[in-house]
Every structure is written in C-alpha cells, then in structure tokens.
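Below is one structure; the comments refer to it alone.
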Amino acid sequence: MNPSTYDVLIIGGGISGAALLYTLERYTDLGTLCLLEKYGAPATLNSSATSNSQTLHCGDIETNYTLQKAAKVKHTAKMVEKYCLQHGYENDIIYAHQKMALGVGYDEVNFMTKRHEEFSTLYPYLKIFDRDTLKRIEPAVLYDADGEERLEPIVGVGVQGEYTTVDFKRLSDSFVENAMQSGSKHTDVFFNQHVMKIAKRGEPTSIFSVPSVSTAISPASSTTCSKSPISATTSCETSSSKCRG
C-alpha cells in the first residue's frame, strides 16, 4: 500500500532525478520517497545515449572553464566515477577513452600551452600533445580533405587512460535500481505518469498536491492511475509501470 504523503516527491526520472532519488535514499534519514516519470523508463530523452555526447565533464579540457569552476566540476565528476567503480560498472556504464582539446594557430597554441601549465596543478595527468605526437595518436586532425598536412601551428591538450565517458541512461537506471533495492526507506517509482500541475495544499506551505494521469499503458498489463490529488504525490496503483523499493 503506497502512502498518501511522501517526504520528497521527485518529478522526472532523467539523470538528475534518478541521482537525487539515490542520494536521498542512501544518505538521508527521510522515510518516504517517490519518483514520477512521464515515460515508461528512466532517462529516455535528454539523458539517453542518443541525445548527448555522454561525456563525463570534469573540467580538464573544457577551455571555457576557469580553474575555480573546474575544481567544483571535478569534485562532482569524481563522485560519479567513484560510484561507478564502487559498483563495478567499468566498461558497462563508465569508460576510459582518449580525449583532447586542440589549439590551431599561434594564438590558440599559446592559449592552450598556458592553460596546460595552469590546469596541471589540478589535473596532474593532463598531457600536452605536440605535432609529432598528434601524428601518432590522432593523425586525422593534421590533414585536410586532400591529404595535405596543415601548415598552422597545432597542439593538443588532453588525457589518456582516464575515465571520460558515461552512459547516462544506464547510470540513471542504476541509480533507480540501487535506490529501490536498498530497502531502508519506503521508495516508490511510477512510470508513465504525466504531472498536470503542482499546487499548494494549505499550511505548511511545504505541502503540495501533485495530481497526475497515466500517459501510457503497457500491453502486458491494465495499468490505471487515479487522478485525485494527494499530498506530495499521486495515488497510482499499477502492475507493470510501478516499481517499489
């Protein structure tokens, strides 16, 4: 029997919603959690592998980052990396690939060289790749469509052997699965639920009514969902679209 009120309701099961569900389940003393997702599974849109580059942005080659911003981003990226390694997700969810940013022409080469010097204090594994090294590891960046070698100065700054790529769809799935398997809290996850509105429900103002309707029915079930609003969540009862921790 799912409760009529949850301590926290999360709307949206992309990477952010799924990560929040796992974090609240694992690291707080909250008693009841719920996640509502419009579609039939976590992370089917922007977090899907077909919708973004699946890059673990840790700030090492993001040339628009200041050193201060890079330090903050690195901390968060390392949390993702440690989570994946803790659960044995190497080469399943997280992958180590070569990556680099290129500087072409005198101004960009000068910028990238200075950036490498500055950012190596935060990323000691950061490498600088000169023309000869690029010919060996990424020869295509040195030649035009006719096979002629470009004449401009060129340099690469990047990494090898570090975790650089994440399947955010699979990562989202794992966050939801691990949150539900913990068993330390009452955790409900409802798929195929379209939230229609969010409205305050009297006092205190932290209590809200969130009515939703079922947007899809699995062919293998007769999933139904009540439209009546209840505190902090929806009163859904499903056979295949509901996951329960």
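General remarks:
- Peptides 18-25, 49-56, ordered by how many other C-beta atoms sit within 10 Å of their residues on average, highest first, read 18-25, 49-56.
- Ranking of THR164, THR28 by count of other Cβ atoms within 10 Å, fewest first: THR28, THR164
- Relative contact order of the range 67-164, defined on C-alpha pairs under 8 angstrom at six or more residues apart (%): 41
- Potential extension, GLN181-GLN160 segment - 0.36 nm per residue separation minus Cα distance: 4.0 nm
- Reducing the range 10-50 and the range 130-191 to their Cα centroids gives an inter-centroid distance of 23 Å.
- Around MET100: net Lys/Arg minus Asp/Glu count, Cβ-Cβ under 9 Å: +1
- In this calculation the C-beta distance from ASP29 to ASN110 is compared with R0 = 51 Å, giving a FRET efficiency of 0.45.
- Averaging over all projection directions, the Cα-based convex hull of the range 67-164 occupies 7.5 nm² in the image plane.
- Positive minus negative residues near SER48 (Lys, Arg vs Asp, Glu; Cβ under 12 Å): 0
- Computed from backbone phi, the HN-Hα couplings of the range 99-113 come to 8, 7, 10, 9, x, 10, x, 4, 5, 5, 4, 5, 4, 5, 5 Hz, rounded to whole numbers (Karplus: 6.51 cos²θ - 1.76 cosθ + 1.60, θ = phi - 60°; Gly and Pro given as x).
- From phi via Karplus (6.51, -1.76, 1.60), per-residue ³J(HN,Hα) for the range 164-172 in Hz, x at Gly/Pro: 10, 10, 10, 7, 5, 5, 5, 5, 4
- Long pairs among LYS72/LYS114; LYS74/LYS169; LYS69/LYS185; LYS38/LYS69, criterion Cα-Cα beyond 30 Å: LYS69/LYS185; LYS38/LYS69
- Whole-number D in µm² s⁻¹ for the range 1-55, Kirkwood Cα-pair radius fed into Stokes-Einstein, 10 °C, 1.306 mPa s: 129
- Summing Lys and Arg as +1 and Asp and Glu as -1 over all other residues whose Cβ lies under 12 Å from the Cβ of VAL141 gives a net charge of 0.
- Sorted largest first, the spans of the alpha carbon positions of the range 33-116 along the three principal axes are 52, 26, 25 Å.
- Applying 1/(1 + (r/R0)^6) with r as the Cβ-Cβ distance of TYR143 and ALA41 and R0 = 41 angstrom yields a FRET efficiency of 0.45.
- Karplus-based coupling profile of the range 182-196, in residue order and whole Hz: 4, x, 7, 9, 7, 10, 10, 10, 10, 9, 6, 10, 9, 6, 8, with θ = phi - 60° in 6.51 cos²θ - 1.76 cosθ + 1.60 and x standing for Gly or Pro.
Rule-based calculations on the coordinates, nothing more; no lab input. Since this is a predicted model, take the numbers as computed values, not measurements. A quick note on method: Cβ atoms are made from the backbone with ideal geometry, for glycine too, and the neighbour counts reach across all protein chains shown.
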